[in-house]
Amino acid sequence: MNDLQLKTRNKVYFVSDFHLGVPNQEESLQKEKRIVRWLESIEQNAKEIFFLGDIFDFWFEYKYVVPKGFVRFLGKLAQMADNGCAIHFFCGNHDIWIRDYFEKDLGFIVHRSNSTIIMNQKTFLIGHGDGLDPSDKKYKLLNKIFKNRFCISLFACLHPRWAFAIGTNWSRKSRHSHSESDKIDRGLDEPIYKYCENKLKTQQIDFFIFGHRHISCDVKLSNQSRYINTGLWEIKSPYVEWDGKNLELKNFE
């Protein structure tokens, strides 16, 4: 890719919650192919892409072993990264166990927590969106356990055959247990919405962009601030596009 082509790229994209790997191999593959079609449709003008977590329904990375599959998706992203597109990967609650494979082998920029980024003089606060409800004590405890280095090392002692069986089963049960509540729009009682409002009391943020909640939305917080959730990819395949001036929630296919 030459310098002129790189200069013509002026768009930034945000997307989340593919949950690749479920509900079965066949349907996951069809979803993966649709995602690749979306990537192909934006690659000519994509300067950066932010993947906001839960891209995989379960991901656990050993030092020398990573989950099989997803080669079309990861291969396309590696190609785009090699051609100058910045690929940002935020760890979600389903794919937090990432070591260095994405960074070293694929050229991604990995974010393990929320990030504040300034683009075109606008301030973005970006993240997956989990753990923002201060009243959810159970989730906060589980999150500490899952991110604990000793616990991760202990789990890594298991043979991948058993570790992935346990992990995928846990992930499936967790997703099913929240499947109905994830469809309920709580409006002003949404924990992420409340988080955004509280954040604005101490810091000016133009755009809050999160995933995690499987309901896409674009909510005005004030005259200058908006909260956008990219939602679940399986429902209308939503994503967010920023062209340097306008931020828009769109659907693919």
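Computed from the coordinates by the stated procedures, all read-outs in this text should not be read as laboratory data. Computed from a predicted model, the values in this text were never measured in an experiment. When we count neighbours, we look across all protein chains shown, and the Cβ atoms used for this are built from the backbone with ideal geometry, even at glycine.
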Next item on the list: For segment 186-211 and segment 88-137, compute the distance between their C-alpha centroids and round to whole Å.
Entry: 16
Checklist line | the chain - charge dipole about Cα centre, Lys and Arg +1 at Cβ, Asp and Glu -1, debye rounded to 20 | finding: 540
Checklist line | Value of relative contact order over the chain, rounded to a whole percent, pairs C-alpha under 8 Å and six or more apart | finding: 21
Notebook entry, point to check: How large is ³J(HN,Hα) for each residue in segment 108-114, as worked out from phi by the Karplus curve 6.51 cos²θ - 1.76 cosθ + 1.60 (θ = phi - 60°), to whole Hz, x for Gly and Pro?
Noted result: 7, 9, 9, 10, 9, 7, 4
Next item on the list: Pick out which of K47, K147, K33 has the largest mean-square fluctuation in a Gaussian network model of the chain, springs linking Cα atoms closer than 10 Å.
Entry: K147
Check: Under a point-charge model restricted to the Cβ atoms of Lys and Arg (+1) and Asp and Glu (-1), what is the dipole moment magnitude of segment 119-177 relative to its Cα centre, in debye to the nearest 20?
Finding: 120
Check: Amide H to amide H under 5 Å from W97: which residues, 5+ apart in sequence or cross-chain, H placed 1.01 Å off N in plane?
Finding: W59
Notebook entry, point to check: From the Cα gyration tensor of segment 21-141, with a ≥ b ≥ c the square roots of its eigenvalues, which class applies: rounded if a/c is under 1.5, or else prolate if a/b is larger than b/c, or else oblate?
Noted result: oblate
Next item on the list: With unit charges on the beta carbon (Lys/Arg positive, Asp/Glu negative), name the residue among G107, Q44, G92 whose Cα is farthest towards the positive pole of the charge dipole of segment 1-115.
Entry: Q44
Note to self: Need the list of lysines near K220 for cross-linking: C-alpha distance under 27 angstrom, and skip anything on the same chain fewer than eight residues off.
What the structure shows: K11, K47, K122, K183, K194, K199, K201, K236, K245, K250
Next item on the list: Could you tell me which of rounded, prolate or oblate describes segment 1-81, using a ≥ b ≥ c as the square roots of the eigenvalues of the alpha-carbon gyration tensor, with rounded for a/c under 1.5 and, failing that, prolate when a/b is larger than b/c and oblate otherwise?
Entry: prolate
Next item on the list: Among (1) 30; (2) 36; (3) 42, find the value of percent of Cα pairs over 27 Å apart that was calculated from the structure presented, and write down its label.
Entry: (2)
Check: At 222 nm, what helix-only mean residue ellipticity would the chain give, in deg cm²/dmol to the nearest 500, using -39500 (n - 2.57) for each DSSP H run of four or more?
Finding: -10500 deg cm²/dmol
Next item on the list: Tell me the Kirkwood hydrodynamic radius of segment 79-175 in angstroms, computed as one over the mean inverse distance between distinct C-alpha pairs.
Entry: 15.8
Next item on the list: Would you pull out the residues with amide H under 5 Å of H111's amide H, same chain only if 5 or more places away, H placed 1.01 Å from N?
Entry: F89, F90, C91
